[in-house]
Amino acid sequence: MNPKFCAQDMIRCGFCKDRVVQMYCNFCYMNLCKICMVEQTSDKSKKHEVVPYDSRKSYHVFSLETPEGVYCPPEKPLLDEPEVIATKNTGYILRGVTCLSDDEVWTCGQDKIMKLYNLQGKLLKSIQTKSGKWPGDITVTESGDLIYTDPDTKTVNIVKNKQIQEVIRLQAWRPYLVLSVIHWSSLISIQFDSEGKPLYSSGYLKYVSENRNLDICVADQEAKAIVVDNLAGKFRFRYTGNPSATKGSFDPLGITTDSQSQILTADCFNHSIHILDQDGQFLCYIDNCDLKKPMGICIDTRDNLFVACHCGKVKIIKYM
């Protein structure tokens, strides 16, 4: 039996987890009811290709065992031994890294200058922050514009044609990594769980990433935890380190996600990277690549991991 047309009445919307699926986004790999489709496509910062469920593209591998019957890219197994495929020395203390393309990366650190390098280590471009202070962290938009956060001025800023524009100014929080203003605003609005308890610590060191399944993933350094909510604001899980590990205190900083919806976070204290599945189960460490105080991390389109180490080195790691 063709799984594309069977058991459709058993599949639920992957967004609200309640209503029966009617539509499908070929770009997000998400099952949607018609109500959630409107909310999903209202986010213009993301690409969408929403079609009737029976007309969805069939090149993804089906697994019906997943509760929502979501289609996923072909599975990539984790390597037994991750390997460093390149190391670049930037010459200054690093805090963050983000991929502009598979061949170019932006870096930032304890300096007012953000720098763009190619994989051969050549400096391609430099941008100074508007305030002259260190940036909190950096990311890029789908169109390639650089976004940086300024904890000193509590602002999120975008660089367009070398011109810096303030996107948002926060009142209480000091912003660090943020994928979009929309998701940062969503994070601010979901600070409590269903019992009214705070989801996050009062500290300002929080790094944010969005998973492919639209979960918002937060590395809360002061709480020593990864906190994950769905985009609707419902708390999903909290990860505080591998309970069976003999390592020291969990110290999460940078956070990113890959094509398999796995969550990766830099553990600065233990000089390692934790890899979790999309439901918060610990999968493995990357601790064999001589990572000295890993800080910011990002993933390119080939699922190569870029790690910005405090010593100034960017390491590119193959782990799948």
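The values are calculated or read from the model by the stated rules, or taken from the named source; none is laboratory data. Just so it is clear, the structure is predicted and the values come from calculations on it, not from any experiment. With ideal geometry, Cβ positions are generated from the backbone for all residues, glycine too; neighbour counts draw on all protein chains shown.
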Legend entry - Looking only at the range 1-14, and only at residues there that are of a type in the set (A, V, I, L, M, F, W, C) and at pLDDT below 75, the one that is surrounded by the most Cβ atoms within 10 Å (Cβ to Cβ): Ile11
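Sort through Glu68, Glu39 and tell me the only one that's modelled with pLDDT under 60, surrounded by 13 or more Cβ atoms within 10 Å (Cβ to Cβ) and among the acidic types (Asp, Glu).
Working: Glu39 fails: modelled with pLDDT under 60.
Going through Glu68, Glu39 in turn, the sole match is Glu68.
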Inset, instruction - Kindly check whether there is at least one residue in the range 206-229 that is modelled with pLDDT under 80, of a type in the set (Lys, Arg), within 16 Å of Arg95 (Cα to Cα) and more than 12 Å from the chain's Cα centre (by Cα). - result: yes
Legend entry - Filter result (under 12 Å from Phe306 (Cα atoms) and among the acidic types (Asp, Glu)) within the range 93-142: Asp102, Asp103, Glu104
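Taking the range 76-97 only, how many residues are small (Gly, Ala, Ser) and outside any loop (DSSP other than H, G, I, E, B)?
Residues flagged as small (Gly, Ala, Ser) and outside any loop (DSSP other than H, G, I, E, B) within the range 76-97 amount to 2.
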Inset, instruction - Say whether the condition of being modelled with pLDDT under 85, touching a strand residue (DSSP E or B) at 6+ places or on another chain (Cβ under 6 Å) and over 25 Å from Asp251 (Cα atoms) is met by at least one residue in the range 131-144. - result: no
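Limited to the range 296-316, what total is found for residues that are among the aliphatic types (A, V, I, L, M), over 14 Å from Thr90 (Cα atoms) and buried (at least 22 other Cβ atoms within 10 Å of the Cβ)? Before the answer, list the steps.
Restricting attention to the range 296-316, the residues satisfying the condition of being among the aliphatic types (A, V, I, L, M) are 297, 299, 305, 307-308, 314, 316.
From the residues that got through so far, the ones that are over 14 Å from Thr90 (Cα atoms) too are 297, 299, 305.
This time we only want the ones that are buried (at least 22 other Cβ atoms within 10 Å of the Cβ), so: 297, 305.
Number of matching residues: 2.
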